1. Across the range 75-87, in residue order, what do the Karplus-derived ³J(HN,Hα) couplings come to in whole Hz, using 6.51 cos²θ - 1.76 cosθ + 1.60 with θ = phi - 60° and x for Gly and Pro?
2. Averaging over all projection directions, find the projected area of the Cα convex hull of the chain and quote it in nm² with one decimal place.
3. Between residue 36 and residue 72, what is the spin-label point distance in nm, taking each point 7 Å from the Cα along the Cα→C-beta axis?
4. Calculate, in whole percent, how much of the Cα-Cα pair population of the range 41-120 lies beyond 18 Å.
Amino acid sequence: MASVTDTNAAAEIEFVAPLSGLPEHTRFTLAPLDEDGLLFSLRSTEDPGLRLLVVTPERFFPDYSPVVDAGWAEELELSGPEDAALLVVVNPGSGLADATANLLAPVVLNHRTSRAAQIVLTGSDLPLRAPLLPV
């Protein structure tokens, strides 16, 4: 999969289906929050007060490699793995030591078309709240 850091400026993202728990929101802006391209803000354009934190998982979970099924690949217009970037939603908790990442439902982004989806990995034992930093 491609890196989301291929673009350093804020990008408009359209979700092909609403994010889990946010049925009225499909348009977001994805903006980097650090110079290393690890942490991003995903802010609703329909409700600017709604913001999620997302990270690229490679640095925190090097063995994380979810499979995007053919149906989602078609829905997102992915021509190949190079079109896709992977993000996971972070719950910051009360601080970095408490931060967790949702590995069960990653966000897959076609950085070529700016279409995205949060894909629930059914039949997986990946955690909904994986510690972001080792304990």
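The numbers here are math on the coordinates, done by the rules we state, and not lab data. As the structure is a prediction and not an experimental result, all values here were calculated from the model. Cβ coordinates were reconstructed from backbone atoms using ideal geometry, including for glycine residues, and neighbour counts include every protein chain displayed.
1. Along the range 75-87, the couplings run 4, 8, 6, 7, 7, x, x, 5, 7, 9, 10, 10, 9 Hz.
2. Averaged projected hull area, Cα only: 8.1 nm².
3. 2.6 nm
4. Values: 1446 of 3160 pairs.
The share of Cα pairs beyond 18 Å in the range 41-120 comes to 46 percent.
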